[in-house]
Structure formats: C-alpha cells, structure tokens
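Values quoted throughout were computed directly from the atomic coordinates according to the rules given, and no laboratory measurement underlies them. Quick caveat, the model's predicted, so the values are computed rather than measured. We place every Cβ from the backbone using ideal geometry, glycine too, and count neighbours over all the protein chains shown.
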Amino acid sequence: MLDKYLNQYSTLKTDRNRNRWTGATCGRAPHKPFLLLSIMDLIAQGLIARNFIEPSLELVETWNGYWNLIMPFGQSSSMAYPFYHMRSEPFWSLIPNPGREDLPGRTFSSMSRVREVYAGAMMDEGLFAFLLNNQTREKLRAVLVETYFAADIRPAICEHGLINYGAEIYKRKVLQEAKEELAWFQSQSDPARDKKVRDQGFRKAIVKLYEHRCALCGIRILTPEGHTVVEAAHIVPWSKSRDDHPTNGLCLCRLCHWFFDEGLMSVGLDYEVLVSRKARGDRNLLGHILTLSDRPIFKPEAELYHPAQRNLEAHRRQTFIR
C-alpha cells in the first residue's frame, strides 16, 4: 500500500516546460511538491490532525516559505494553483462549500477565489494514515525531495522542514512562557538552524498575538496569499537581552519598525505612542506618523502578553531620541 503512494508521489502531473523551470526543480513546476511538503509539515506540527486539508493561512505561509526558499527572486506564484490542480492526482479530492459545485477545467489564480468555492480537500484515507506516521511520512517526503529537486537543493529543502517544525514548537513555548517556565527548543548541532528557528518562532508568536496589527499605527493588511505588512520587533534587542518573551516584543509595520529601531518612536508610561522631536526636522515629511503621537498603542487581548514597562523604559532611555 505504501509503495502505491510512493509511486504516486514520484509521478505527479506537473508542467515540464524547461524554458520556464530551472534545473533546481529538475525542469518541472514545483507547486505540487511544495504543497505536499507543506501539508506534511503541518501534520508533523499537529496543525492538521484529521483528513481535511483547509486552505488555511498556516498552510499558505508554509507553501510561501518553500517557494521563496528555492525560486528565483521576483518569480511569484500562488498556492491556489496546486491546491486546485492537485485534483488530477488520484489521492486528492476537493470539497466544495455548500451551494458551490466542483467543476474541472477551471483556472484559480488567487487563494480568495479558492476559499470562495472550496472548503478544503481530502486525501485517500490510506495515504493520510501514512502521513500521520512519522516513519512513513518521512519516506514520502524523501520521494518528493529526491524526485523534484536537484541534489544541491535537497539539503536546504530538508532543513527547511526541520526549521518549520522547530519554529512552531518555539512559538508555542514563547506563548506559554508567560504562564509557566518551559525549556526552549535547542539543538547544539547546528547554531545557524537554531537562529532561524528562534527568529521564525518569535515572529509567528508576536504576529499571532497582535493579529497582524501594527502596535503603533494600527495598520492591518493580510492578503489572501498569506502576505502581511507587519513584523516582529524586539523592544530590547536580542543581542542585549537574549529575551524572546512576548513582553519584550511588539508587532510593527515596516515603517514603524524602522522608526522604533532608529529611536524616532517609542512607547510611554501609559502605553501611548511617542514621536521624537528629531523626526520633525524641516526636511522630514512624516505624514501620518505625526498623527500617532500620544495615541494609545494596540496591545494583545491578554494582559500577560502586554509589553513590559521595564523593557519599554529601557528603550526610552537607551534608544529613543527625545
């Protein structure tokens, strides 16, 4: 039975236009392999526990991670393509939303359109059972990696799966540390990988707590393709604090993040936005930044995750330019 699915994984119907796809992906479109790898990652993380594959934000973000890891800069795509066109594989069944009909021959280029028509997808029960098992899942992963990616790319693909797993575990520990002390995810064998795990896990935790909203300006943009306008920022830099506790983090848009790190914005004793006088120089046009001064910041719903005043005070004293 496993051999059947190993064969199906090694014979996916993919575009083989070598003018479009490089040797890194063996001259074939990588969309379907990326989707199957992403599903495996979410199963390993416990985020997919039953045989129903939702086109969720977590799945889209994971797919985007694989795409951005391997594909040339500037070459973009959408998980909408493989999620719909996986229908050509014998193990994949699309589940339409109530009142919608599943028809072949369509073209889906955006995740918003996919979600409009489909609630999700199901895999063969036998295949899903193998994916739930650590050993057989890794055999299926190995087939994908060895079939659809060049030899020099394979280690990066495998490491990316490990980073995805570690980042999810790290995120959970970041969010739980405010309630109880837990040991961090550590791997002494590869410090570079550990840094990627920590960075990605901290980002996932902070962005989730703030629901993709900038703490200072309040902007919230989350596209159907899983792209967000915000980043996770340390209040006291990691290099000084070694602190990934949620109370040492802020969710900031790229502009506010730059202002905050440059000391041109901070947060006051009453959790109000502070704007430096230096930022108001004659040659600077701050636009909407000036309107934020003295406005309350946006904070996580749970008080135990609010930014700690001891960290904000350190930023005001050491970084903020009054």
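Using label points projected 7 Å from each Cα along Cα→Cβ, tell me how many nm separate residue 16 and residue 110, to one decimal.
Here the answer is 3.4 nm between the modelled labels.
With axes computed from alpha carbons, what is the tilt in degrees of helix 134-148 against the longest principal axis of the chain, rounded to the nearest 10 within 0 to 90?
Once rounded, the angle reads 80 degrees.
In percent, how large is the relative contact order of the range 213-322, given Cα pairs closer than 8 Å and 6 or more residues apart? It would help to have the intermediate numbers written out before the result.
Details: 169 pairs, mean separation 35.0, N = 110.
Averaging sequence separation for qualifying contacts and normalising by length gives 32 percent for the range 213-322.
Of 275, 200, 308, which is farthest towards the positive pole of the chain's charge dipole, taken about the Cα centre with +1 and -1 on the beta-carbons of Lys, Arg and Asp, Glu respectively?
The residue sitting most towards the positive pole is 275.
Can you give me the distance in nm between label points at residue 95 and residue 294, each placed 7 Å from the Cα along the Cα-to-Cβ direction?
5.3 nm
Figure the gain on full extension for residue 68 and residue 222 (residue separation times 0.36 nm, minus the Cα-Cα span) and round it to one decimal in nm. Walk me through the intermediate numbers first.
Details: separation 154, 0.36 × 154 = 55.44 nm, distance 1.78 nm.
Between residue 68 and residue 222, full extension yields 53.7 nm more.
For labels at residue 193 and residue 278 in the simple 7 Å Cα→Cβ model, what's the distance in nm?
About 4.2 nm, to one decimal.
Per-residue HN-Hα couplings for the range 232-238, Karplus 6.51 cos²θ - 1.76 cosθ + 1.60 at θ = phi - 60°, whole Hz, x for Gly and Pro?
Once θ is set to phi - 60°, the couplings for the range 232-238 become 9, 10, 7, 6, 9, x, 4 Hz.
What is the angle, in °, between the Cα long axis of helix 191-209 and the longest principal axis of the Cα atoms in the chain? Nearest 10 is fine, range 0 to 90.
Between helix and principal axis, roughly 70 degrees.
Please report how far the C-alpha centroid of the range 8-39 lies from that of the range 297-311, rounded to the nearest whole angstrom.
Each part's Cα centre sits 44 Å from the other's.
Between rounded, prolate and oblate, where does the range 213-322 land on the alpha carbon gyration tensor, with a ≥ b ≥ c its root eigenvalues, rounded for a/c under 1.5, else prolate if a/b exceeds b/c? Working shown, then result.
Values: a/c = 1.55, a/b = 1.08, b/c = 1.43.
Verdict is oblate for the range 213-322.
Picking from 134, 97, 284, which is most flexible by a Gaussian network model of the chain using Cα springs under 10 Å?
So, out of 134, 97, 284, the one fluctuating most is 284.
I need the Kirkwood Rh of the chain: take the reciprocal of the average 1/r across all distinct C-alpha pairs and report it in angstrom. Walk me through the numbers on the way to the answer.
Details: mean 1/r = 0.0459 Å⁻¹.
One decimal place: 21.8 Å for the Kirkwood radius.
Return the FRET efficiency for the residue pair residue 302, residue 50: r is the Cβ-Cβ distance, R0 is 41 Å, and the value is rounded to the nearest 0.05.
Working: r = 28 Å, r/R0 = 0.68.
In this case the efficiency is close to 0.90.
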